[in-house]
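A short write-up of the structure that comes next.
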Amino acid sequence: MTTYSLFPKWEFTWAAYLYNNDGDPLTDDGYSTSLYAKYMIYQNKKETGGAAVKAGTGMRPGTIDPEYRVKDAFQTYWVNFPCTVPFFNNKLSWDLMPGASLTRNYGADESTAWGFTYSTRLAWYPFSPYTSVVGEVFGTTGEAATVPEYKLGLRWEPSQYAVFAISYGHELNGPEKAGFEIGVMLFTPPFACFRGCDKKKKNPIKF
């Protein structure tokens, strides 16, 4: 996943997902891509909460039927509205992300299928603002419905330039699972800015 913040309040992201259903690291079961843009509508003064709108093509794993997720870009188009609400002096952070999707050529009759996408994530910072326990539930309902999934894990944010996480994921009432995952997000300082770069260090809000 690569994100570019080329204009104030705007982000543009390209992501690729490689699937491996049989557990053999020497083989794969296809891939999918996602392209989207995000515009920040509001952010609080402490930069710990806010609201945005995102729109693009290609769904993240878990929000589209596995039968149709391979090479999904330009088949499914979506929009969602992420918001983050802090509680208890930022000890608790609650993310909500409702949205909608439209998938072309869906099913045996290759019809257009609509879906309501949802995701909610709760992060608890019990000891410091750098380490959190995170739980998430996400999925899609409607004509393009999927089995809801959950993820539980630990997230470490040592600086505004790096986020490390380990998590375990599984369907809520199905046999499929993501299993254990390790994630790394790296942020560069601002560069190549059209109107000059603000070098002030900030804790980037993550939706």
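So which of 9/46; 9/45; 9/54; 54/91 end up more than 20 Å apart by C-alpha? Too far apart for the 20 Å limit: 54/91. Kirkwood hydrodynamic radius computed over region 2-186 comes to 17.6 Å, based on all pairs of distinct alpha carbons. Exposure proxy shown here: for 59, 97, 185, the number of other Cβ atoms within 10 Å sets the order, fewest to most, as 185, 97, 59. Placing one equal scatterer on every Cα of region 141-189 and applying the Debye formula, the log10 ratio I(q)/I(0) at q = 0.15, 0.17, 0.29 Å⁻¹ is -0.55, -0.63, -1.01. Volume of the convex hull of region 95-145 (Cα atoms only), normalised per residue: 77 Å³.
Each value in this text was obtained by applying a stated rule to the coordinates, not by laboratory testing. Here the structure is a predicted model, which means the values were calculated and not measured. All Cβ positions, even for glycine, are placed from backbone atoms using ideal geometry, and neighbour counts span all protein chains on display.
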